[in-house]
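Since the structure comes first, as structure tokens, the remarks are kept for the end.
Laboratory data are not the source of any read-out in this text; all were calculated from the coordinates shown. This is a predicted model, so every value here is computed, not measured. Here the Cβ positions follow ideal geometry from the backbone for every residue, glycine too, while neighbour counts run over all protein chains shown.
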Amino acid sequence: MVFEFVETDWVFGFAGGLMIGLAGVLFLLWNGRILGASGVIGGLADGSGWDSSWSERASFILGLLVVPFALTFLWVRPDTHLTENWGILIAAGLLVGFGARMANGCTSGHGVCGISRLSLRGIAATVAYLLAGAVGVVLFRHILGVI
Amino acid sequence: MRNLIALLAGGLFGAGLFTSGMTDTSKVQGWLDFFGAWDPTLAFVLSGAILPMAVAWRVAAKRKRAVLGNPLPATPNREISKELITGSALFGMGWGLAGLCPGPAIASLSYNGTGGIVFVIAMATGMLVARYVRPFEIVARLTGTGGKNEYQQG
């Protein structure tokens with residue numbers, strides 16, 4: 001196994017992780033909400049969140065859009081290495097959106113919020129999507145060679 | 001006030017995703033690539049995020065209501081359903097395929113080019129479809145075994 005890892009990556013990773021966790025703390029203890037990106041976004045995308053919670057959802061998304069945008073000017077403009085293949089982008093987007101809503105959560109809701117609560121569902125979901133993601137990368141990168 | 005906290009939480013979430021490098025799809029795919037050049041960064045991100053949240057759940061357990069007066073989330077459902085596992089597996093496939101999940105997809109929208117926009121539109125479409133197309137309910141209806149709706153709002 002080859003490691004591709006710059007030593008400072010884990011420092012930035014851990015620091016960024018702490019910020020993600022603190023965002024979850026704010027949302028939970030102040031607003032009484034579980035920070036799940038697919039839940040917040042999905043409610044607006046499918047219309048189920050067009051109730052009294054819509055402005056809370058929209059405010060969250062606004063912050064999530066604007067702060068990284070500002071950081072590209074203040075700090076660095078990161079290379080995201082996103083594929084330019086529209087077929088892959090569309091297939092992946094559909095899978096991510098459909099799957100996260102079917103499972104009622106994604107990396108933030110099941111991963112961060114679920115595991116930290118020792119929720120059986122969160123842990124099971126995390127194991128399932130990590131395995132599927134690893135199988136996906138092996139299949140699409142090493143076997144089919146499309147990514 | 002709830003909106004202000006939501007704006008701050010969203011901003012902090014975005015700053016965290018940006019700082020940790022999680023909007024870089026090659027780092028996410030590198031983490032999932034156990035048979036290639038494995039990148040362990042995501043494990044540090046996840047542990048950094050879980051630590052403060054674990055404390056927050058302990059605090060929440062001792063409180064009746066959130067600071068702003070709303071009810072706190074109910075005790076979690078413990079059922080490992082077909083929807084949970086199948087949905088997570090589909091989500092994981094898409095996550096591996098593009099290296100993006102919902103949070104980073106929105107966080108990087110301003111600097112991810114046309115591809116980022118295409119992904120977010122497809123993701124929103126998938127979310128909309130998921131509200132109306134529920135495979136296990138359809139199967140249950142067809143086989144007459146009775147469906148169950150496990151979807152919650154929010």
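Odds and ends about this structure:
- Ranking of B:83, B:137, A:56 by count of other Cβ atoms within 10 Å, fewest first: B:137, B:83, A:56
- Near residue A:27: Cβ cut-off under 14 Å, other residues only, Lys/Arg at +1 and Asp/Glu at -1. The net charge is +3.
- Convex hull of alpha carbon positions in chain A: directionally averaged projected area 11.0 nm².
- Cut-off 12 Å between beta-carbons: net charge of the residues surrounding residue A:134, Lys and Arg +1, Asp and Glu -1: 0
- Its Kirkwood hydrodynamic radius, worked out from the mean inverse distance over all distinct Cα pairs, puts the protein assembly as shown at 18.9 Å.
- Chain B - percent relative contact order, Cα under 8 Å, separation 6 or more: 23
- For region B:1-92, the fraction of C-alpha pairs farther apart than 16 angstrom is 73 percent.
- Under 5 Å from the amide H of residue A:33 lie the amide H atoms of A:28, each residue being 5 or more positions distant or on a separate chain, with H modelled from the backbone and absent for Pro and chain starts.
- Rough spin-label spacing in nm, given labels placed 7 Å along Cα→Cβ, for residue A:120 and residue B:114: 4.9
- Fully extended contour minus Cα-Cα distance, from residue B:35 to residue B:63, at 0.36 nm per residue: 5.5 nm
- For region B:66-123, the fraction of alpha-carbon pairs lying more than 16 Å apart is 61 percent, rounded to a whole number.
- Note on region B:37-154: Rg/Rh from C-alpha atoms, Kirkwood Rh, equals 1.02.
- Between region A:7-85 and region B:50-105, the Cα center-to-center distance that results, in Å: 14
- Ranked list, fewest to most other Cβ atoms within 10 Å of each Cβ, for B:53, B:123: B:53, B:123
- Span-rule helices in chain A, defined as complete DSSP H runs reaching 20 Å or more along the axis (Cα) with Kyte mean at least -1.0: A:7-29, A:54-74, A:86-102, A:120-137
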